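Engineer: Got a structure for you, questions after.
The values are calculated or read from the model by the stated rules, or taken from the named source; none is laboratory data. Everything numeric here is computed off the predicted structure, so don't read it as measured data. Don't worry about glycine lacking a Cβ; one is built from the backbone with ideal geometry, like all the others, and counts go over all protein chains shown.
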Amino acid sequence: MTEEVQRRREIIQKKNSDLLSFVEPNFELLDNLRTKDAFSADVIEDIEAEKTKRSRVNKMLCHLRYVDEDGYKSFLEALHDSSQTHIINFINGTLWTYITITCMC
């Protein structure tokens with residue numbers, strides 16, 4: 001496992017509870033994940049089969065821990081293309097103050 005993959009897994013683990021709340025696993029994101037080959041069609045079907053938003057995001061994050069670097073970049077592109085750039089910023093550590101202030105209101 002590369003250092004980058006290990007770092008990504010640690011970030012996802014550390015920010016897991018916030019990501020479960022903030023990621024919107026809507027049709028647009030799932031479609032983008034499919035078309036960008038971030039996840040296989042089978043993985044997308046597994047995510048879509050989950051009953052709740054939280055369980056869909058959890059399944060997505062579990063699979064994200066094991067994608068290669070191209071898959072991870074495709075995941076970030078899918079977030080961007082589905083208007084969830086705030087999640088990219090949060091993962092990269094540049095949005096924590098905004099999220100904290102927003103959630104306190």
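Engineer: Does Thr52 satisfy the condition of being modelled with pLDDT of 90 or more and among the polar types (S, T, N, Q)?
Structural biologist: Answer is yes for this residue.
Engineer: Being in a helix (DSSP H, G or I) and of a type in the set (Lys, Arg) is the filter; apply it to segment 52-75 and report the residue that is farthest from Glu10 (Cα to Cα).
Structural biologist: Lys53
Engineer: Something else about it: Might you let me know whether segment 32-51 holds any residue that is over 12 Å from Phe75 (Cα atoms), outside any helix (DSSP H, G or I) and among the basic types (Lys, Arg)?
Structural biologist: For segment 32-51, residues over 12 Å from Phe75 (Cα atoms), outside any helix (DSSP H, G or I) and among the basic types (Lys, Arg): present.
Engineer: Let me ask you something else. Among all residue pairs at least 6 apart or on different chains, which show Cβ distances below 9 Å where the first residue, located in segment 58-73, is acidic (Asp, Glu) and the second is modelled with pLDDT under 90 and outside any helix (DSSP H, G or I)?
Structural biologist: What qualifies is Glu69/Thr2.
Engineer: Let me ask something else about it. From the set of residues in segment 1-39 that are under 12 Å from the mean Cα position of the chain (by Cα) and aromatic (Phe, Trp, Tyr), which is surrounded by the fewest Cβ atoms within 10 Å (Cβ to Cβ)?
Structural biologist: Phe22
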